[in-house]
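Let me begin by handing over the structure; questions about it come next.
Only the coordinates and a few stated rules stand behind these numbers; no lab work does. A quick note: this is a predicted structure, and the numbers were derived from the prediction, not measured. Cβ atoms come from the backbone with ideal geometry, glycine included; neighbour counts cover every protein chain shown.
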Amino acid sequence: MTTTIDCVPLAATVGAEVRGVDAERLAADGAVAEAVLAALERYGVLVFRGLHLAPEDQVAFARRLGEIDYEPGHHPVRGIYRVTLDKSKNASADYLKATFEWHMDGCTPLHGEPPQKATVLSAKQVAEGGGETEFASTYAAYEALGDAERERFGALRVVHTLEASQRRVHPDPTPEQLERWRARPSSTHPLVWTRRTGRRSLVVGVHADHVVGMDAGEGRALLRDLLDRTTAPGRVYRHEWSVGDTVIWDNTGVVHRAAPYPPDSPRELLRTTVFGDEPIR
Ligand SMILES: [Fe+2]
């Protein structure tokens with residue numbers, strides 16, 4: 001028997017709220033995890049309101065979705081990374097500012113790893129103003145293209161860099177900053193990702209720096225236009241966090257960003273990352 005979960009769509013092209021699943025079942029029931037993966041493929045983003053998932057249970061659940069990242073994350077539970085702008089809790093807080101721009105995680109990997117498959121994020125403390133997380137489907141973005149564009153874009157390759165994302169946050173970098181950003185290898189990806197399933201999506205985001213073989217300005221304008229179309233207001237789901245909410249997204253099929261919030265905000269989200277197993281091609 002196949003387990004199904006009750007999904008209520010949240011926006012026209014992305015997102016669904018899952019009802020009737022509690023934290024215990026999510027952590028322990030393998031059939032629910034299977035159903036979550038199927039729903040993620042369909043909706044891109046799943047929202048569980050007021051779930052109050054314990055960090056240990058979040059890790060146990062994420063582990064059922066795939067291999068997870070156990071790198072130390074400024075949190076006592078292995079597999080949990082603390083997302084906060086508070087430097088006393090997370091020394092990489094400065095880098096998180098780049099998450100205010102639309103991006104897909106893992107487009108400029110250190111060693112060519114495929115982008116993360118999924119991210120699980122739970123709200124421990126929320127901002128009084130700002131801090132919402134927004135999502136837009138890159139599958140829907142591809143599907144909205146005309147035939148001529150599909151044909152043309154299918155042949156393009158795009159160079160992604162850490163510098164491109166960081167420049168949006170720090171437009172006047174110091175030589176030290178530039179050196180640090182440039183130490184990260186750039187990655188070249190096709191603009192159109194053809195998945196194992198046969199579906200296609202656009203690989204866009206603030207990290208997309210230029211189009212190979214195209215005039216730099218023209219390429220940037222094209223990438224900017226495609227990102228704007230992908231994230232047009234009618235194509236976005238914006239999650240307003242309440243304490244206890246858990247949101248899961250398919251990192252390979254959506255772009256996301258956080259709305260800015262003050263650096264002294266108590267906002268604290270706990271993240272678990274599921275490694276990817278599908279290279280962009
Ligand atoms: Fe991110």
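In sequence order, what are the phi-derived ³J(HN,Hα) couplings for the range 198-208 according to the Karplus relation 6.51 cos²θ - 1.76 cosθ + 1.60 with θ = phi - 60°, rounded to whole Hz, with x for glycine and proline?
x, 6, 10, 9, 8, 9, 10, x, 5, 6, 6
While we're looking at this one, here's another question. Considering the options 169, 275, 122, tell which one lies farthest towards the positive end of the dipole of the chain, charges being +1 on Lys and Arg and -1 on Asp and Glu at the Cβ, about the Cα centre.
It is 275.
Okay, next question. Which percent of Cα pairs goes in each bin when the distances of the range 55-161 are cut into 5 angstrom slices starting at zero?
Result returned by the calculation: 2, 8, 14, 20, 20, 15, 9, 7, 5, 1, 0.
Let me have the relative contact order for the range 6-274, percent, based on Cα pairs under 8 Å that are six or more residues apart.
Numbers: 545 pairs, mean separation 94.3, N = 269.
For the range 6-274, the relative contact order is 35 percent.
Under the Karplus relation 6.51 cos²θ - 1.76 cosθ + 1.60, θ = phi - 60°, what is the ordered set of whole-Hz ³J(HN,Hα) values for the range 72-79, x standing for Gly and Pro?
Calculated HN-Hα couplings, in order: x, x, 6, 8, x, 8, 5, x Hz.
So what are the ³J(HN,Hα) numbers for the range 117-132, from phi and the Karplus equation (6.51, -1.76, 1.60; θ = phi - 60°), rounded to whole Hz, Gly and Pro as x?
So the Karplus estimates, Gly and Pro as x, are 7, 8, 10, 10, 10, 10, 8, 9, 9, 10, 7, 6, x, x, x, 5 Hz.
When we measure straight from the Cα of residue 117, which aspartates and glutamates land under 17 angstrom away, once same-chain ones fewer than 8 places off are left out?
Partners within reach: 34, 41, 67, 69, 71, 105, 250, 277, 278.
If you count the DSSP beta bridges with both ends in the chain, what percent of them are antiparallel, to the nearest 5?
Working: 44 of 46 bridges.
Close to 95 percent.
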